[in-house]
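The block underneath contains the structure these notes are about, expressed in structure tokens.
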Amino acid sequence: MSINQKGFVNILLITVLVAIVAISGYFVISKNSSASNKPLAQQPVAPNSPSKKTISQIKTGTSFGMCGGYCYREFTISSTKIAYNARGWGDESYPEIKKEISFSSDEWQSLIDTIDTKEFNLLPERIGCPDCADGGAEWIEITDGKAVKKVEFDFGDSISGNESFLKKLREIRNNALSQIDKQ
């Protein structure tokens, strides 16, 4: 290879690298700017002074990308009920399920008492690699009417600072499923 050919190859490599960096920057910017289209922003539940009294609902659930059956399960918990939604991934033998069961204000207060909103608000939107290598994903989403804070993490893992909250949510999900199965 001559000196001119080596110079050309080096310039070509540098051009390709610059293009890759520019394209990556574009996707980062466009991803961040699309957040304004969401009805409620992903931000702390109660930005200036977290108050457990302002929480209106808590969603929690699981999903598995490569599975058969009901691969997606979501529980929307409020002070009066739990709305359950389950579905498969396009398999007609698993039609969408939507059911509701009652949830008492005492149960709601017990759940709310386990949340450390300050710690929860500090968590990133994604912890680990949810559903990588078919491990499944789990999430918690807290809404206070003004904002939504959602955290997604590996199925079965714990989340720092809110272990008792997560344990309580899992108990509620299991109890709700046993009640729904009896319906």
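The values are calculated or read from the model by the stated rules, or taken from the named source; none is laboratory data. The structure presented is a predicted model; accordingly, all values stated were derived computationally and were not measured. Positions of Cβ are backbone-derived with ideal geometry, glycine not excepted, and every protein chain shown enters the neighbour counts.
Could you go through region 95-102 and let me know if any residue there is over 15 Å from Ser178 (Cα atoms), surrounded by 16 or more Cβ atoms within 10 Å (Cβ to Cβ) and in the same structural domain as Arg173 (by TED's automatic domain parsing).
Checked against the condition, which is being over 15 Å from Ser178 (Cα atoms), surrounded by 16 or more Cβ atoms within 10 Å (Cβ to Cβ) and in the same structural domain as Arg173 (by TED's automatic domain parsing), region 95-102 yields no hits at all.
For region 124-147, which residues satisfy the criterion of being buried (at least 19 other Cβ atoms within 10 Å of the Cβ) and aliphatic (A, V, I, L, M)?
Ala137, Ile140, Ile142
Return the pair list, or none, for Cβ contacts closer than 6 Å from residues in region 105-117 that are among the hydroxyl-bearing types (Ser, Thr, Tyr) to residues that are surrounded by 12 or more Cβ atoms within 10 Å (Cβ to Cβ), at least 6 apart or on different chains.
That search, which allows pairs on different chains as well, returns Ser105/Ser79; Thr114/Ser164; Thr114/Phe165; Thr114/Lys168; Thr117/Val45; Thr117/Pro50.
Using beta carbons and a limit of 6 Å, which pairs, at least six apart or on different chains, have the first residue in region 160-172 and in the same structural domain as Ile77 (by TED's automatic domain parsing) and the second one surrounded by 15 or more Cβ atoms within 10 Å (Cβ to Cβ) and assigned to a loop (DSSP other than H, G, I, E, B)?
That search, which allows pairs on different chains as well, returns Gly161/Asp116; Asn162/Asp116; Ser164/Thr114; Phe165/Thr114; Phe165/Ile115; Leu166/Ile159; Lys168/Thr114.
Which residues, taken from region 153-183, are surrounded by fewer than 20 Cβ atoms within 10 Å (Cβ to Cβ) and under 12 Å from the mean Cα position of the chain (by Cα)?
Asp154, Phe155, listed by residue number.
Given the conditions (1) farther than 18 Å from Thr76 by Cβ; (2) not in a helix (DSSP H, G or I), and given that Lys167 satisfies all but one, which numbered condition is not satisfied?
Lys167 satisfies all of (1) farther than 18 Å from Thr76 by Cβ; (2) not in a helix (DSSP H, G or I) except (2).
Determine which single condition Val148 fails, assuming it passes every other condition in (1) modelled with pLDDT of 95 or more; (2) under 16 Å from the mean Cα position of the chain (by Cα).
Val148 satisfies all of (1) modelled with pLDDT of 95 or more; (2) under 16 Å from the mean Cα position of the chain (by Cα) except (1).
Can you give me the ranges of the strands (runs of 3 or more DSSP E) entirely in region 75-153 with at least 1 residues that are touching an Asp or Glu at 6+ places or on another chain (Cβ under 7 Å)?
81-87, 137-143
Applying the selection to region 122-138, what residues are out of contact with any Pro (no Cβ under 7 Å at 6 or more places or on another chain) and among the small types (Gly, Ala, Ser)?
Gly128, Ala133, Gly135, Gly136
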